[in-house]
Amino acid sequence: MIFSALRGAFVKCSLKVYAVNATRLLQHPGHGTPCCWGSQFNVPPSAQLVARPVGVCSMMKLPIQASAEGLDAAFVGVPLDTGTSNRPGARFGPRQIRAESAMVRRYNASTGAAPFDSLRVADIGDVNVNLYNLPDSCRLIRESYQRIVASGCVPLTLGGDHTITYPILQAMAEKHGPVGLVHVDAHTDTGDKALGEKIYHGTPFRRCVEEGLLDCRCVVQIGIRGSSYDPDPYKYCRDQGFRVVPAEECWRNSLVPLMREVRKQMGDKPVYVSFDIDGIDPAYAPGTGTPEIAGLTPAQALEIIRGCKGLNIVGCDLVEVAPMYDVSGNTALLGANLLFEMLCVLPSVKTM
């Protein structure tokens, strides 16, 4: 009982200190130094005032909000891996990405982006998926994202396996009509069915095509590679009008010229960005369920996402992080940074 009382007192004291320090941070964004970039919005607390392990685990230690109401952008987790075909574990991706995101800071020093001085951002928690029923999970995800989109908020999703993009795009297309797609992945995810099932992480974009959720003239798939069961595995995609960029075309190259072409192709059309972490070479991101050798580098991933600046982005996701296959945490750390980069290229984000 004495231990419980002491623990309770410690927790109350820690929360009070965290709240006081966070308040001071918001009041003094420059930490005592004059700064012209003080923000009226939510701001990730600085490790100079609040220790990184302190507080509730949220994306970038941002405030947690019950809904997307009043937000310009929101981080949301979808901890589902019922649709995986190989190694499970992506249901734990959102939790680990949040934990590693404590290392991600407020400004993008490379691009000058100041997202937290431009947008009101928070973490709105996770969709309560049904791990025992994949179609029901898709319904729950779709309904959750319908509410997010209806509020005018741009969702940045922490996956979860790639099945989740299908119901998310159902919600997106309901508001915006058929959207363009920038899809980074080792796989096209346009299969028809497996083991008799039409919904799993290898089929989301075929289901999207069938339902008219995508503007097929504005779909680009980057980093595709690996062995296949079909002698021409990209035929379906090309038949729909997708642009498929195999990993071999990316090796040793800057992807800045490619993204210049993508921006021209997309124009001002609403665009969704879907990034499967297995698009990155497993040397850098081993924590995933279906790794393929000879993938993209983290630097190329940054070129792709930063190359989306100027697009009319209506939503993004980072999927297939399975933390137990990378005890270093580096895969989730990479995922957290890529989500930050996605936030930095949203419309209305100003630069320093």
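The values are calculated or read from the model by the stated rules, or taken from the named source; none is laboratory data. Owing to the predicted nature of the structure, the values given are computational and were not obtained by experimental measurement. With ideal geometry, Cβ positions are generated from the backbone for all residues, glycine too; neighbour counts draw on all protein chains shown. Please note that ligands, DNA and RNA were not included when accessible areas were found on the heavy atoms of the full protein model with its side chains. Shrake-Rupley method; radii C 1.70, N 1.55, O 1.52, S 1.80 Å.
Where nothing but the Cβ of Lys and Arg (+1) and of Asp and Glu (-1) is charged, how large is the charge dipole of the chain around its Cα centre, in debye to the nearest 20? Please report the intermediate quantities before stating the final value.
Working: 34 positive and 34 negative charges, 261 e Å.
So the magnitude is around 1260 debye.
Which pairs in the list Lys198/Lys264; Lys235/Lys309; Lys61/Lys264; Lys235/Lys264; Lys198/Lys309 are over 26 Å apart, alpha-carbon to alpha-carbon? Please list the in-between numbers first.
Working: Lys198/Lys264 34 Å; Lys235/Lys309 30 Å; Lys61/Lys264 36 Å; Lys235/Lys264 24 Å; Lys198/Lys309 34 Å.
In this structure, Lys198/Lys264; Lys235/Lys309; Lys61/Lys264; Lys198/Lys309 exceed 26 Å between Cα atoms.
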Notebook entry, point to check: Sorted by mean Cβ packing within 10 Å, highest first, what order do the peptides 198-206, 269-277 take?
Noted result: 269-277, 198-206
Note to self: Loop only by DSSP, 15 or fewer other Cβ within 10 Å of the Cβ. Give me the trypsin sites (Lys or Arg not before Pro) in segment 56-126 that pass, ordered by residue number.
What the structure shows: Arg105
Note to self: If you count only protein heavy atoms with a 1.4 Å probe, what accessible area per residue comes out for the chain, rounded to a whole Å²?
What the structure shows: 44 Å²
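Could you give the semi-axes, largest first, of the ellipsoid that matches segment 158-224, computed as the square roots of 5 times the alpha carbon gyration tensor eigenvalues and rounded to whole Å? Please report the intermediate quantities before stating the final value.
Numbers: eigenvalues 62, 40, 27 Å².
The three semi-axes for segment 158-224 are 18, 14, 12 Å.
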Checklist line | Potential extension, Gln240-Ser254 segment - 0.36 nm per residue separation minus Cα distance | finding: 2.3 nm
Check: What is the pair-distance distribution P(r) of segment 208-284, computed from all Cα-Cα distances in 10 Å bins starting at 0, with each bin given as a whole percent?
Finding: 15, 47, 33, 5
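When the convex hull of the Cα atoms of segment 62-218 is projected onto a plane and the area is averaged over all directions, what value comes out in nm²?
Numbers: hull surface 40.5 nm².
Projected over every direction and averaged, the Cα hull of segment 62-218 covers 10.1 nm².
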Notebook entry, point to check: Cα centroids of segment 318-345 and segment 63-117: how far apart, whole angstrom?
Noted result: 9 Å
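With the cut-off at 1.5 for a/c, could you classify segment 29-140 from its C-alpha gyration tensor as rounded, prolate or oblate? Show your work: numbers first, answer last.
Numbers: a/c = 2.61, a/b = 2.06, b/c = 1.27.
Prolate.
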Next item on the list: Order these peptides, 154-165, 127-138, by their mean beta-carbon neighbour count within 10 angstrom, highest first.
Entry: 154-165, 127-138
Next item on the list: Report the residues of segment 52-68 in range of a label on Phe41: point 7 Å along Cα→C-beta, backbone N strictly under 20 Å from it.
Entry: 58-68
Next item on the list: Give me the Kirkwood hydrodynamic radius of segment 221-348, using the inverse of the mean 1/r over all pairs of distinct Cα atoms, in Å to one decimal.
Entry: 15.3 Å
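Filter the chain for me: DSSP H helices, axial length by Cα at least 27 angstrom, mean Kyte-Doolittle hydropathy not below -1.0. List them by residue number. Walk me through the intermediate numbers first.
On the way: long enough: 2-27 (37 Å, 0.76).
Correct list, ordered by number: 2-27.
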Note to self: Please report the spacing between the Cα centers of segment 274-314 and segment 162-192 in Å, no decimals.
What the structure shows: 16 Å
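Percent of accessible area on segment 143-200 owned by carbon and sulfur, 1.4 Å probe?
Values: 920 of 1820 Å².
Result for segment 143-200: 50 percent of the exposed heavy-atom area is carbon or sulfur.
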Next item on the list: Counting only C-alpha contacts under 8 Å and six or more residues apart, can you give the relative contact order of the chain as a whole percent?
Entry: 20 percent
Next item on the list: Report, by chain and number, residues whose modeled amide H sits under 5 Å from the one on Val154, excluding near sequence neighbours (fewer than 5 apart, same chain).
Entry: Ala73, Ala74
